[in-house]
1. Within region 10-39, can you find the residues that are under 20 Å from P95 (Cβ atoms), within 11 Å of the ligand (Cβ to nearest atom) and among the hydrophobic types (A, V, I, L, M, F, W, C)?
2. Within region 255-283, track down each residue that is in a loop (DSSP other than H, G, I, E, B) and surrounded by 13 or more Cβ atoms within 10 Å (Cβ to Cβ).
3. In region 260-315, which residues are among the hydroxyl-bearing types (S, T, Y) and under 28 Å from L70 (Cβ atoms)?
4. Go through region 280-315 and count every residue that is of a type in the set (D, E), free of Cβ contacts under 8 Å to residues at least 24 places away in the same chain and more than 18 Å from D193 (Cβ to Cβ).
5. Out of the residues in region 61-76 that are out of contact with any Ser or Thr (no Cβ under 7 Å at 6 or more places or on another chain) and crowded, with 20+ Cβ neighbours inside 10 Å, state the one that is farthest from R2 (Cα to Cα).
6. Yes or no: region 277-289 includes at least one residue that is farther than 16 Å from T158 by Cα and under 19 Å from the mean Cα position of the chain (by Cα).
7. Identify all residues within region 120-145 that are within 19 Å of D253 (Cα to Cα) and surrounded by fewer than 24 Cβ atoms within 10 Å (Cβ to Cβ); write none if there are none.
Amino acid sequence: MRRVIIDTDTAGDDTIALLTAIHHFKVEGVTITGGNVAFDQEVENALYTIQVANPEEKIPVYKGYERPLLATGQEQHRTVEDVHGEDGMGGAHFPKAVQRPEEGHAVDFIIEKVKEYPGEINLLAIAPLTNIAMAIQKDPSIIKDIPHIYIMGGTNNTLGNITPSAEYNFYVDPEAARLVLHSGIPITMVGWDMCIDYSIMDDNDHAEIADLQTAGAQFFIDINRVVMQFNKTVHRLNGTTHPDTLLVAIAADESLMTESHDYYVDIEIKGELTRGYSLVDINNRLKKKPNVRVCEAVDRDRFKKNLFEVLEAIK
Ligand code: CA
């Protein structure tokens, strides 16, 4: 099995992405970045999700940075309990997992693992890019040894989710996103636009999932309770959104991605109205070398099949 580290701000769809990663990859570890909800809650959510997956081998969880470090004047970042519920788990308030987080720092763990298996560890990034950016800054020698980073973040010149111009992960830590995108590591970006076009699960899909009658399916239903309502009222979307799961599914099977192109992508870090905006230079107007493979279309039926396979496997 291919080795990955998954970096997550575990709440909502992060959990299903984590289950998907455990299903398809050898997950060397889970690293937590500040994002969706209170940091310690994210840690608990990751530990509980691993317990739900019940993997044969222990998957360690490492705490990383609780907030962005590279921006000046930002003491706190905006969490989104309104999207995922107060606990980030759809208000399910699951009991505490038995496993506890490891002692070391996420950034040191990333550096150590990449050095232990040079050229083998792909990174699955489904959170603000703080931890990954700081790992690259702390030890730039890992850059050549990371084969690929799959990033859920940004949009391809279209509507954001946290602001009209920005997607949440890039908005929370645009300086980190910029650093990672320009690191030279091969990158695939799956944006919020792909999530809206191809990942939405509506009431009928949820009914089909409930019919699977597995522990995985029940977990999916539980953690999606709040976001279903939020999406209908705020985003005017008829269903739940699965950006992180889509990203991991694509990393596991790139043929799900039916269209993609290499573009020059940069992140707005100043913008009065556009901080965190991801500029995708589709027509190469800036005449710069492409640095990101941008996902532009997905086989929605196969993605759904993949999701069902993961939920069905967790008895
Ligand atoms: Ca996430």
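The values are calculated or read from the model by the stated rules, or taken from the named source; none is laboratory data. A quick note: this is a predicted structure, and the numbers were derived from the prediction, not measured. For neighbour counting, all protein chains shown are included, and Cβ atoms are generated from backbone atoms with ideal geometry for every residue, glycine included.
1. A11, I16, L18, I32, V37
2. Y264, E268, I269, G271, T274, R275, G276, Y277, D281, I282
3. Of the residues in region 260-315, the ones among the hydroxyl-bearing types (S, T, Y) are 260, 263-264, 274, 277-278.
Scanning region 260-315 gives Y263, Y264, T274, Y277, S278.
4. Initial filter on region 280-315 (of a type in the set (D, E)): 281, 296, 299, 301, 309, 312.
Then keep just the ones that are free of Cβ contacts under 8 Å to residues at least 24 places away in the same chain; that gives 281, 301.
Checking the rest, the ones that are also more than 18 Å from D193 (Cβ to Cβ) come to 301.
Residues flagged as of a type in the set (D, E), free of Cβ contacts under 8 Å to residues at least 24 places away in the same chain and more than 18 Å from D193 (Cβ to Cβ) within region 280-315 amount to 1.
5. The initial filter retains those residues of region 61-76 that are out of contact with any Ser or Thr (no Cβ under 7 Å at 6 or more places or on another chain), namely 61, 63, 66-67, 70-76.
From the residues that got through so far, the ones that are crowded, with 20+ Cβ neighbours inside 10 Å too are 61, 63.
Details: V61: 19, K63: 23 Å.
Checking each candidate, the answer is K63.
6. From region 277-289, those farther than 16 Å from T158 by Cα are 284-289; that's our starting set.
If we keep only those that are under 19 Å from the mean Cα position of the chain (by Cα) as well, we get none.
No.
7. Result: E120, I121, N122.
Conditions tested, residue by residue: (1) surrounded by fewer than 24 Cβ atoms within 10 Å (Cβ to Cβ); (2) touching a Ser or Thr at 6+ places or on another chain (Cβ under 8 Å).
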site	(1), (2)
V43	yes, yes
E57	yes, no
T79	yes, no
H84	no, no
G90	no, no
Q99	yes, no
G104	yes, no
